[in-house]
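Novice: This is the structure, below, for whatever I ask next.
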Amino acid sequence: MNALNGWEFGDRVLRALGDEIHAVSIETGGIAGRFGADRFDLYCPHGIDHKSLFDRLQNKLNTLSHNVNIRLRMGVMEWQAGLEPVQMFDRARTACSMARGHYAEHLIVFDEEIRDREIFEQRLMNDLRRGLDSYEFEVHYQPQYDIRTDPPKPIGAEALVRWRHPELGLIPPDDFIPLFEQNGQIGILDKYVWQEVARQIARWQDGYNVTVPVAVNLSRVDVFDSELEKTLEDTLRQNGLDHSALKLEVTESAYTENATRVIKVVESLRKSGFKVGMDDFGMGYSSLSMLSSLPVDALKMDGVFIQNIEHDAKDAQLVALILGIADTLKIPVVAEGVETEAQMAFLKNLGCEMVQGFYLSRPLQAPDFERLFFESVKPDDPGTATS
Ligand code: C2E
Ligand code: CA
Ligand code: CA
């Protein structure tokens with residue numbers, strides 16, 4: 001807020017909010033304090049209606065400016081017997097931190113669901129080290145197909161991590177990747193995945209004399225690691241691979257969040273020989289005009305657009321538009337999340353050459369992927385055989 005509207009305006013907002021919270025504490029016989037730059041804690045006697053309190057504070061903020069939209073976030077912990085005040089404030093803060101990210105609400109009351117989620121996340125954080133040391137993380141390989149031929153031909157894979165937790169069972173990446181990103185732990189896990197994938201590609205190379213190109217996911221946090229390129233180069237060298245073996249996927253939202261920095265890193269990776277694809281294309285609002293100047297070797301079109309192409313004319317047009325522009329710019333597209341024959345046919349008609357999705361194959365464990373891939377590849381296939 002300060003960066004956009006100046007310090008003076010920021011001060012005015014904080015003072016107004018502080019005064020209002022102070023007024024509430026006096027009216028209700030509670031206690032209030034400011035505990036951070038823009039964070040206030042308020043203890044109120046039992047029974048106060050938090051929705052009207054939220055509305056009162058938000059309304060106060062609304063009076064400060066007509067053209068700046070100041071959004072209040074509020075977390076509530078209701079009094080609970082047996083908890084220390086510090087624990088209650090901690091939970092109110094947890095609820096408040098949930099009011100960003102995937103929760104659209106700006107007023108969150110701490111409840112059992114949040115408590116369970118908190119315990120679950122704490123558990124995952126605590127177990128990460130052990131999980132890595134005892135090989136609980138598994139890499140699954142989702143085949144990618146060239147659909148110009150009939151039947152479609154597997155040409156490589158995307159590596160997707162899962163956690164086979166001894167007590168919690170198989171945990172999908174959406175449960176732990178965002179968490180480790182937030183807590184700065186994702187780098188360790190991603191390095192492990194890249195190493196595991198490189199070792200697997202090398203094993204296939206030894207066994208079949210064929211290099212299977214595998215795409216790995218880079219978290220937005222990895223992109224800011226100054227050692228990134230060295231780590232990737234080391235991974236290739238240690239496993240005797242060249243740059244064509246390990247393809248990199250960087251999510252579109254990373255490009256749009258910090259474009260200058262990400263573009264610099266990606267340019268440098270490409271100069272060294274890596275192929276970098278833009279993941280989740282269409283979700284991060286990178287403008288289509290921007291695309292022509294972005295350094296990318298491939299676009300991964302997000303599955304949400306493809307899921308509705310049969311029923312939603314707008315999505316169908318959008319997919320056609322993306323494919324048309326990619327074609328003009330000579331950037332190959334991999335369509336993700338293809339679930340039906342009709343979707344595949346639709347894409348094929350529009351000139352899309354590569355797809356990935358449950359219709360052709362779910363992500364597979366290495367031995368299953370190996371069977372699928374090498375049964376379809378002739379030993380002297382010029383496209384993939386190494387010299
Ligand atoms: P993503 O990179 O967009 O990966 C594609 C996701 O779509 C995968 O989910 C895949 O299993 C799923 N998928 C594939 N085909 C279909 C389909 O036909 N229909 C539907 N509904 N879904 C399909 P998954 O494996 O759960 O991974 C989720 C996300 O977690 C990935 O999204 C990626 O962002 C992240 N992720 C996975 N592995 C890694 C990793 O090793 N490192 C990092 N940083 N992120 C990872
Ligand atoms: Ca991906
Ligand atoms: Ca994707």
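Novice: Residues in segment 177-188: is at least one under 20 Å from Arg362 (Cα atoms) and assigned by TED's automatic domain parsing to the domain that holds Asp225?
Specialist: Restricting attention to segment 177-188, the residues satisfying the condition of being under 20 Å from Arg362 (Cα atoms) are 177.
Checking the rest, the ones that are also assigned by TED's automatic domain parsing to the domain that holds Asp225 come to 177.
Among the residues of segment 177-188, at least one is under 20 Å from Arg362 (Cα atoms) and assigned by TED's automatic domain parsing to the domain that holds Asp225, which makes the answer yes.
Novice: Can you pull out the residues in segment 200-238 that are away from ligand 1 (no atom under 11 Å from the Cβ), of a type outside the set (Asp, Glu), in a helix (DSSP H, G or I) and surrounded by 15 or more Cβ atoms within 10 Å (Cβ to Cβ)?
Specialist: Matches in segment 200-238: Gln200, Ile201, Ala202, Trp204, Gln205, Tyr208, Leu228, Thr231, Leu232, Thr235, Leu236.
Novice: Additional query: Going through segment 1-48 one residue at a time, which ones are modelled with pLDDT of 90 or more and of a type in the set (D, E, K, R)?
Specialist: Listed by number, the residues that qualify are Asp11, Arg12, Arg15, Asp19, Glu20, Glu27, Arg34, Arg39, Asp41.
Novice: Among the candidates Ala326, Ala320, Ala342, single out the residue that is over 13 Å from Tyr145 (Cβ atoms) and touching a Pro at 6+ places or on another chain (Cβ under 8 Å). Give the steps one after another, and end with the answer.
Specialist: Working: Ala320 fails: touching a Pro at 6+ places or on another chain (Cβ under 8 Å); Ala342 fails: touching a Pro at 6+ places or on another chain (Cβ under 8 Å).
Criteria check complete, one pass: Ala326.
Novice: Another question, then. Just to be sure before I move on: is Val304 part of a helix (DSSP H, G or I), at pLDDT below 95, within 18 Å of the chain's Cα centre (by Cα) and of a type outside the set (Phe, Trp, Tyr) in the structure I sent?
Specialist: On the way: part of a helix (DSSP H, G or I): yes; at pLDDT below 95: yes; within 18 Å of the chain's Cα centre (by Cα): yes; of a type outside the set (Phe, Trp, Tyr): yes.
Yes, satisfied.
Novice: What is the number of the single condition among (1) in contact with a strand residue (DSSP E or B) (Cβ under 6 Å, 6 or more places away or on another chain); (2) part of a loop (DSSP other than H, G, I, E, B) that Leu64 does not meet?
Specialist: Only one criterion is unmet by Leu64, namely (1).
Novice: Counting only residues that are in a strand (DSSP E or B) and of a type in the set (Asp, Glu), how many does segment 134-149 have?
Specialist: Of all residues in segment 134-149, those in a strand (DSSP E or B) come to 137-146.
Checking which are of a type in the set (Asp, Glu) leaves us with 138, 146.
Selection size over segment 134-149: 2.
Novice: Return the residue satisfying two criteria in turn: it lies in segment 240-282 and is of a type in the set (D, E, K, R) and either away from ligand 2 (no atom under 11 Å from the Cβ) or farther than 17 Å from Ala215 by Cβ (or both), and of such residues it is nearest to the chain's Cα centre (by Cα). Don't jump to the end; show me each part of the working.
Specialist: Residues of segment 240-282 of a type in the set (D, E, K, R): 242, 247, 249, 252, 257, 261, 264, 267, 270-271, 275, 279-280.
Among the residues that remain, those that are also either away from ligand 2 (no atom under 11 Å from the Cβ) or farther than 17 Å from Ala215 by Cβ (or both) are: 242, 257, 261, 264, 267, 270-271, 275.
Working: Asp242: 27, Glu257: 13, Arg261: 18, Lys264: 20, Glu267: 21, Arg270: 22, Lys271: 25, Lys275: 20 Å.
So the residue we want is Glu257.
Novice: Is it the case that Val304 is surrounded by 15 or more Cβ atoms within 10 Å (Cβ to Cβ) and within 16 Å of ligand 3 (Cβ to nearest atom)? Even if it seems obvious, please write down each step before you answer.
Specialist: On the way: surrounded by 15 or more Cβ atoms within 10 Å (Cβ to Cβ): no; within 16 Å of ligand 3 (Cβ to nearest atom): yes.
So Val304 does not fit the description; no.
Novice: Does Asp41 satisfy the criteria of being outside the structural domain of Gln182 (by TED's automatic domain parsing), closer than 28 Å to Gln182 by Cβ and touching a strand residue (DSSP E or B) at 6+ places or on another chain (Cβ under 8 Å)?
Specialist: Values: outside the structural domain of Gln182 (by TED's automatic domain parsing): yes; closer than 28 Å to Gln182 by Cβ: yes; touching a strand residue (DSSP E or B) at 6+ places or on another chain (Cβ under 8 Å): yes.
When the stated conditions are applied, Asp41 passes them.
Novice: So Pro154 clears everything in (1) of a type outside the set (Phe, Trp, Tyr); (2) in a loop (DSSP other than H, G, I, E, B); (3) modelled with pLDDT of 95 or more except one condition, right? Which one?
Specialist: The failed condition is (2).
Novice: A further question on this structure: Among residues belonging to segment 325-350 that are more than 16 Å from ligand 1 (Cβ to nearest atom) and without any contact (Cβ under 8 Å) to a residue 24 or more places away in the chain, point out the one that is farthest from Met283 (Cα to Cα).
Specialist: Looking at residues that are more than 16 Å from ligand 1 (Cβ to nearest atom) and without any contact (Cβ under 8 Å) to a residue 24 or more places away in the chain, I get Asn349.
Novice: Still on this structure, I have one more. Give the residue that is nearest to Gly131 (Cα to Cα), with candidates limited to residues of segment 188-226 that are touching a residue at least 60 places away in the same chain (Cβ under 8 Å) and either hydroxyl-bearing (Ser, Thr, Tyr) or within 16 Å of ligand 3 (Cβ to nearest atom) (or both).
Specialist: Residue satisfying both the conditions and the ranking: Tyr192.
Novice: Can you give me the number of residues within segment 113-168 that are among the hydroxyl-bearing types (Ser, Thr, Tyr) and surrounded by 15 or more Cβ atoms within 10 Å (Cβ to Cβ)? Talk me through it step by step, then tell me what you get.
Specialist: In the first step, residues of segment 113-168 are kept if they are among the hydroxyl-bearing types (Ser, Thr, Tyr); the result is 134-135, 141, 145, 149.
Those still in the list that are surrounded by 15 or more Cβ atoms within 10 Å (Cβ to Cβ) too: 141, 145.
Number of matching residues: 2.
Novice: For segment 261-301, which positions are outside any loop (DSSP other than H, G, I, E, B) and modelled with pLDDT under 85? Before you say what the answer is, go through the steps one by one.
Specialist: Restricting attention to segment 261-301, the residues satisfying the condition of being outside any loop (DSSP other than H, G, I, E, B) are 261-271, 276-281, 288-291, 298-301.
Hits for segment 261-301 are Leu288, Ser289, Met290, Leu291.
Novice: May I ask you to list the residues in segment 22-47 that are in a loop (DSSP other than H, G, I, E, B) and buried (at least 16 other Cβ atoms within 10 Å of the Cβ)?
Specialist: The first filter runs over segment 22-47 and keeps only residues in a loop (DSSP other than H, G, I, E, B), leaving 29-30, 37-38, 44-47.
Listed by number, the list holds a single entry, Cys44.
Novice: Among the residues of segment 321-366, count how many are of a type in the set (Gly, Ala, Ser) and within 25 Å of the chain's Cα centre (by Cα).
Specialist: Here is the first cut: in segment 321-366, the ones of a type in the set (Gly, Ala, Ser) are 324, 326, 335, 337, 342, 345, 351, 357, 361, 366.
With within 25 Å of the chain's Cα centre (by Cα) added as a condition, the list becomes 326, 335, 337, 357, 361, 366.
Within segment 321-366, residues that are of a type in the set (Gly, Ala, Ser) and within 25 Å of the chain's Cα centre (by Cα) number 6.
The values are calculated or read from the model by the stated rules, or taken from the named source; none is laboratory data. Keep in mind the model is a prediction, meaning the values are calculated, not measured. Glycine also receives a Cβ, built like all others from the backbone with ideal geometry; neighbour counts cover every protein chain displayed.
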